[in-house]
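Trainee: Let me give you the structure first, and then I'll get to my questions.
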Amino acid sequence: MRRILPFVMSFGLVVGASSMIPLTADAAPKSYKNCTELNKAYKGGVARAANIKNKGGKTYHKSYVSKALHDVNSKLDRDKGLIACEK
C-alpha cells in the first residue's frame, strides 16, 4: 500500500496539471479596421515593446504591449512610432 500511494498521487498531479494548460494558446491576434475599434479594446493603443515611448506628446492611457498584436495592426501606426493608435 505504501508503494502505491506515491504513484497514485503523482499520477493525479500530472493529470491535474495537464488539464490547466490552455488549449487556445496559439490563437491569432485580431486585426482591427480602424483606431476607434482598437481603442475600444485597448484604450492606450498597442505598443510593439515595453520600452517604446510615445514621441508625439503626452498620452492619457498606458499602451498595451504585444509584438504580435502590433504587427497585425501596424497599418494603424501612422507615425511609425511603434505604438498603434496611441491616446
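FYI, it's all coordinate maths here, none of it is from the lab. What you see is a predicted model; the values in this text were computed from it and never measured. Using ideal geometry, Cβ is built from the backbone for each residue, glycine included, and neighbour counts are taken over all protein chains shown.
Trainee: So what are the ³J(HN,Hα) numbers for region 51-61, from phi and the Karplus equation (6.51, -1.76, 1.60; θ = phi - 60°), rounded to whole Hz, Gly and Pro as x?
Mentor: 8, 7, 10, 6, 8, x, x, 6, 10, 9, 10
Trainee: Just add up the charged neighbours of Lys62: K/R +1, D/E -1, any other residue whose Cβ is under 15 Å from the Cβ of Lys62.
Mentor: Charge balance in the 15 Å sphere: +4.
Trainee: For the peptides 56-67, 39-50, what is the packing order when you average, over each peptide's residues, the other Cβ atoms within 10 Å and list the highest mean first?
Mentor: The peptides rank, most packed first, as 39-50, 56-67.
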